[in-house]
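The values are calculated or read from the model by the stated rules, or taken from the named source; none is laboratory data. Predicted model, so just to flag it, every value in this text is computed and none were measured. Backbone-built Cβ (ideal geometry, glycine too); neighbour counts: all protein chains shown. Ligands, DNA and RNA are excluded from the accessible area calculation, which covers all protein heavy atoms including side chains. Shrake-Rupley method; radii C 1.70, N 1.55, O 1.52, S 1.80 Å.
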Amino acid sequence: MKANVAPTQRIHLHCFTGTVEQVVSWLETFPKCYFGVTGMVKEFDNFQKTALRRIPKGHLLLETDAPYFRARQASASTPAFIGEVAIEVSRIRGKTVEEVLEFTSANTRILYQI
(Lines give C-alpha, C1' and ligand atoms only; values in the text may rest on other atoms or scores of the structure.)
Protein backbone atom coordinates (compact mmCIF):
# COMPACT_ATOMS: atom_id res chain seq x y z
CA MET A 1 0.00 0.00 0.00
CA LYS A 2 2.89 2.37 0.69
CA ALA A 3 3.63 2.57 -3.04
CA ASN A 4 0.05 3.41 -4.03
CA VAL A 5 -1.61 5.17 -1.11
CA ALA A 6 -0.70 8.58 0.26
CA PRO A 7 0.21 8.65 3.95
CA THR A 8 -2.51 11.28 4.44
CA GLN A 9 -5.26 8.96 3.18
CA ARG A 10 -7.98 8.13 5.70
CA ILE A 11 -8.16 4.33 6.07
CA HIS A 12 -10.69 2.12 7.85
CA LEU A 13 -9.15 -1.23 8.83
CA HIS A 14 -12.32 -3.28 8.88
CA CYS A 15 -12.70 -6.12 11.44
CA PHE A 16 -9.32 -5.53 13.05
CA THR A 17 -8.05 -8.53 15.04
CA GLY A 18 -4.33 -7.80 14.93
CA THR A 19 -1.36 -7.28 17.19
CA VAL A 20 0.32 -4.32 18.86
CA GLU A 21 3.03 -4.44 16.19
CA GLN A 22 0.38 -4.07 13.50
CA VAL A 23 -1.26 -1.14 15.29
CA VAL A 24 2.09 0.64 15.58
CA SER A 25 3.06 -0.10 11.97
CA TRP A 26 -0.24 1.07 10.50
CA LEU A 27 -0.23 4.29 12.50
CA GLU A 28 3.39 5.06 11.62
CA THR A 29 2.71 4.56 7.92
CA PHE A 30 -0.84 5.93 7.77
CA PRO A 31 -1.51 8.33 10.67
CA LYS A 32 -5.14 8.72 9.59
CA CYS A 33 -5.80 5.00 9.99
CA TYR A 34 -8.81 3.83 12.01
CA PHE A 35 -9.26 0.35 13.47
CA GLY A 36 -12.75 -1.17 13.37
CA VAL A 37 -13.58 -3.72 16.07
CA THR A 38 -16.53 -6.10 15.73
CA GLY A 39 -18.28 -8.62 17.98
CA MET A 40 -15.21 -10.80 17.45
CA VAL A 41 -13.76 -8.77 20.34
CA LYS A 42 -15.50 -11.22 22.67
CA GLU A 43 -13.13 -13.91 21.38
CA PHE A 44 -9.91 -11.88 21.47
CA ASP A 45 -6.86 -13.55 22.98
CA ASN A 46 -4.48 -11.66 25.27
CA PHE A 47 -2.37 -10.40 22.34
CA GLN A 48 -5.42 -8.95 20.61
CA LYS A 49 -6.70 -7.40 23.85
CA THR A 50 -3.31 -5.76 24.34
CA ALA A 51 -3.48 -4.42 20.77
CA LEU A 52 -6.99 -3.06 21.41
CA ARG A 53 -5.69 -1.19 24.46
CA ARG A 54 -2.86 0.30 22.36
CA ILE A 55 -5.13 1.75 19.68
CA PRO A 56 -5.33 5.46 20.48
CA LYS A 57 -8.90 6.42 21.35
CA GLY A 58 -8.87 8.81 18.39
CA HIS A 59 -8.39 5.87 16.01
CA LEU A 60 -10.92 3.31 17.24
CA LEU A 61 -14.23 2.43 15.58
CA LEU A 62 -17.00 0.01 16.54
CA GLU A 63 -18.60 -2.29 13.98
CA THR A 64 -21.11 -5.12 13.91
CA ASP A 65 -20.23 -6.36 10.43
CA ALA A 66 -23.89 -7.24 9.94
CA PRO A 67 -25.01 -9.83 9.08
CA TYR A 68 -21.80 -11.63 10.10
CA PHE A 69 -20.22 -12.06 13.56
CA ARG A 70 -23.57 -12.52 15.18
CA ALA A 71 -24.06 -11.87 18.86
CA ARG A 72 -25.60 -14.26 21.33
CA GLN A 73 -27.84 -16.86 19.73
CA ALA A 74 -29.08 -14.55 16.98
CA SER A 75 -29.25 -15.98 13.49
CA ALA A 76 -27.49 -12.91 12.08
CA SER A 77 -25.84 -9.74 13.30
CA THR A 78 -27.58 -6.39 13.02
CA PRO A 79 -26.46 -2.84 13.78
CA ALA A 80 -28.61 -3.14 16.93
CA PHE A 81 -25.80 -5.20 18.48
CA ILE A 82 -23.33 -2.31 18.47
CA GLY A 83 -23.93 -1.87 22.18
CA GLU A 84 -22.61 -5.35 22.88
CA VAL A 85 -19.41 -4.51 21.01
CA ALA A 86 -19.13 -1.27 23.01
CA ILE A 87 -19.61 -3.13 26.30
CA GLU A 88 -16.81 -5.57 25.57
CA VAL A 89 -14.48 -2.84 24.30
CA SER A 90 -15.18 -0.81 27.44
CA ARG A 91 -14.32 -3.80 29.65
CA ILE A 92 -11.03 -4.43 27.85
CA ARG A 93 -10.00 -0.77 27.74
CA GLY A 94 -11.16 0.05 31.29
CA LYS A 95 -13.52 2.81 30.17
CA THR A 96 -17.25 3.33 30.56
CA VAL A 97 -19.55 2.29 27.74
CA GLU A 98 -20.58 5.93 27.40
CA GLU A 99 -16.97 7.03 26.93
CA VAL A 100 -16.36 4.36 24.29
CA LEU A 101 -19.53 5.26 22.41
CA GLU A 102 -18.68 8.96 22.58
CA PHE A 103 -15.16 8.76 21.17
CA THR A 104 -15.90 6.05 18.60
CA SER A 105 -18.91 8.02 17.34
CA ALA A 106 -16.72 11.11 17.00
CA ASN A 107 -14.11 9.04 15.13
CA THR A 108 -16.74 7.78 12.70
CA ARG A 109 -17.83 11.33 11.95
CA ILE A 110 -14.23 12.40 11.36
CA LEU A 111 -13.32 9.40 9.19
CA TYR A 112 -16.41 9.59 7.00
CA GLN A 113 -16.75 13.38 7.18
CA ILE A 114 -20.34 13.32 8.41
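Entry note, the chain: relative contact order of 24 percent, from Cα contacts under 8 Å with a spacing of 6+ residues. Extension gain for R93-R109 works out to 3.6 nm (0.36 nm per residue, less the C-alpha to C-alpha distance).
One compactness figure for the stretch 1-47 is 1.23, namely its Cα radius of gyration divided by 2.2 N^0.38 Å.
Length, then width, then depth: along the principal axes, the Cα atoms of the chain run 43, 32, 25 Å. On the basis of the beta-carbon distance and an R0 of 25 Å, A80 and D45 show a calculated FRET efficiency of 0.40. Compute the accessible area per residue over the chain, keeping the other protein chains in place, probe 1.4 Å, unit Å². Per-residue value: 60 Å².
Annotation for the stretch 10-67 versus the stretch 77-114: alpha-carbon center distance of 12 Å. Over the chain, DSSP H runs of length four or greater, each weighted -39,500 (n - 2.57), average out per residue to a 222 nm ellipticity of -12500 deg cm²/dmol. The fraction of accessible area contributed by carbon and sulfur in the chain is 53 percent, rounded to a whole number (1.4 Å probe; ligands and nucleic acids excluded). Straight Cα distances below 17 angstrom link K95 to the lysines K42, K49, K57, with same-chain residues fewer than 8 positions distant left out.
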